[in-house]
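The values are calculated or read from the model by the stated rules, or taken from the named source; none is laboratory data. Please read these numbers as outputs of a predicted model, since none were measured by experiment. So basically every Cβ, Gly included, is an ideal-geometry build from the backbone, and we count neighbours across all protein chains shown. For accessibility, only protein heavy atoms count, side chains too; no ligands or nucleic acids. Shrake-Rupley method; radii C 1.70, N 1.55, O 1.52, S 1.80 Å.
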Amino acid sequence: MTRFSFALHATDGAARTGAITTPRGDIRTPAFMPVGTAATVKAMLPESVRATGADILLGNTYHLMLRPGAERVARLGGLHRFMNWERPILTDSGGFQVMSLAELRKLTEKGVTFRSHIDGSKHELTPERSMEIQRLLGSDIVMAFDECPSLPAEDARVAESMRLSMRWAERSREAFGDRPGHALFGIQQGGVTRELREESAEALKAIGFEGYAIGGLAVGEGQEAMFGVLDYAPGMLPVDRPRYLMGVGKPDDIVGAVKRGVDMMDCVLPSRSGRTGQAWTRRGQVNLKNARHADDPRPLDEECGCPACRGYSRAYLHHVFRAGEMISGMLLTWHNLHYYQDLMAGMREAISAGRFAEWEAGFHALRREGDI
Ligand SMILES: CCNc1nc2cc3[nH]c(NC)nc3cc2c(=O)[nH]1
Ligand SMILES: [Zn+2]
C-alpha cells in the first residue's frame, strides 16, 4: 500500500519543485488545485479537469455536509466514486466557509454551531466532527479544523484566534487517528504578525503534521502584505513537508507565492471568473463580454492548446456569453484552468532547470495591465 510522502526534486532560491505521492496518484508541485465545491468543478466534467493537467482537486466540507450529507456520500462509496474523480482530493475542514456562508453562527471553545444557508437546519462543526466528515468523504488530504480571523484585526484578537486554532489543531490530530495513505495538514495562523506566525508554526511542529497550510491570508490584506508574510512564513515550516497557501489567487499572486516557497494553492478565481466571461491569459486579462470582440476572428490566446483556443474565435466566445449560452462558461472555465496548469508546469520546469528568475521575468514582461 503506497503511503503518503513528499519528495523535493529541485530548488531555485526559495522556490521548490517536487511530488507528493498518494495511493490515488502523484501530485506534481508546485500544484494548483481546482475547486470542486459541491462535488463538481462547475461547468467541467472530471475528465476535462484532468485534461487541463490537474493532479488533485479540492472539495468543501461545509457544502457537502449540508448537501448531500457526509454519511450519504459514504454510503454511496465516498466522494471519489460519487463525483467520478479517482485521483487525489483535498477537503477543507469547513470552518472558514461556516464563517462566510452560514447564518446564526455561535463560536465556542468546542467548535461552531450554525444554521444552513440552504434550509436553515441546525448544524455543529468541531475538530472531531470535521475529521469524521472528511473521513466519511474519503479525502486523501484532510485539513485541520481552524478559525480564520478576517483582517484587519487587532493583534490581541489575532493572537486569541490563533491560539484557539492551535488547540483545535491538537484535537484534529487526536481525532484523525491512524490512517496510512491519508494526510492531515495543520494550518498556520497569526495574521500578518511575525511573532504570532512563529508561535503558530512552533505549535504545529510540536504536534506534527504530514503537511502545513499557511492560513489567514487572501482575506483582504492585499498582495503586498501577503507577500510580506510569505517572505518569512514558509521558512518557519518543515522544509521536507508540503506547504499549502489557501485561497490564492490571481496568476501574479501564484507566481509570487511559488517564488517564496509555496508548494500548493487553491482558488475559485479561474473557474468563477470563467463563468462571467473573464479570461486569464499569458498577456493579461480579457473580458469577452466586451463589444470590441464581436468581430474578432482570432483565438483567445494563439499559444494556448485548450479546446476554447483551438476551436473558437473571440467573436464566437463573445457571442455565446452575450447570448447566455451554457457553452460560454464551459469553454472559458476550461481555458482558465488550462492556463493555470500551464503556469504551474512552466514554473516546475523553470525551477528544475534553475531558471526561475528568467521565467518570472518573462512572465511579467508579457503581461499588460487592464483589459487586453
Ligand atoms: C481548511 C479551512 N480553513 C481555512 N480555510 C481558508 C480558506 C481561505 N480562502 C482564502 N482566500 C480566498 N483565505 C483563506 C484562509 C483559510 C484559513 O485560514 N483556514
Ligand atoms: Zn485556451
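With respect to the chain, whose longest principal axis is taken over its alpha-carbon atoms, helix 326-352 is tilted by about 70°.
Legend: distances between Cα atoms for K106/K289; K250/K289; K110/K205; K106/K259; K122/K205; K110/K259; pairs beyond 30 Å are K106/K289; K106/K259; K122/K205; K110/K259. Only bridges whose two residues both fall in the chain count here: according to DSSP, what percent of them are antiparallel, nearest 5? Close to 50 percent. Placing dummy labels 7 Å off each Cα toward the beta-carbon, the span from K289 to L8 is 4.5 nm. Dividing the helix sum by the residues of the chain, where each DSSP H run of 4 or more adds -39500 (n - 2.57), gives a mean residue ellipticity at 222 nm of -12000 deg cm²/dmol. Rolling a 1.4 Å probe over the protein heavy atoms of the chain, with every protein chain left in place, gives an accessible area that is 51 percent carbon and sulfur.
Rolling a 1.4 Å probe across the protein heavy atoms gives the stretch 9-107 an accessible surface of 39 Å² per residue. R283 contributes an accessible area of around 100 Å² to the protein surface, as traced by a 1.4 Å probe with all chains present. Per residue, the stretch 253-357 exposes an accessible area of 39 Å² to a 1.4 Å probe, with every protein chain left in place. Extending 7 Å from the Cα toward the beta-carbon at both L104 and A365 defines two label points whose distance is 6.0 nm. Modelled spin-label separation between V268 and S352, with each label point placed 7 Å from Cα along the Cα-to-Cβ direction: 3.4 nm. Length available on full extension from E174 to D240: 0.36 nm per residue minus the Cα-Cα distance, which gives 21.5 nm.
Computed from the C-beta positions of R322 and D119, the FRET efficiency with R₀ = 41 Å rounds to 0.70. Figure legend: label point modelled 7 angstrom from the Cα of E160 along Cα→Cβ; residues of the stretch 89-111 with amide N under 15 Å from it are 107-110.
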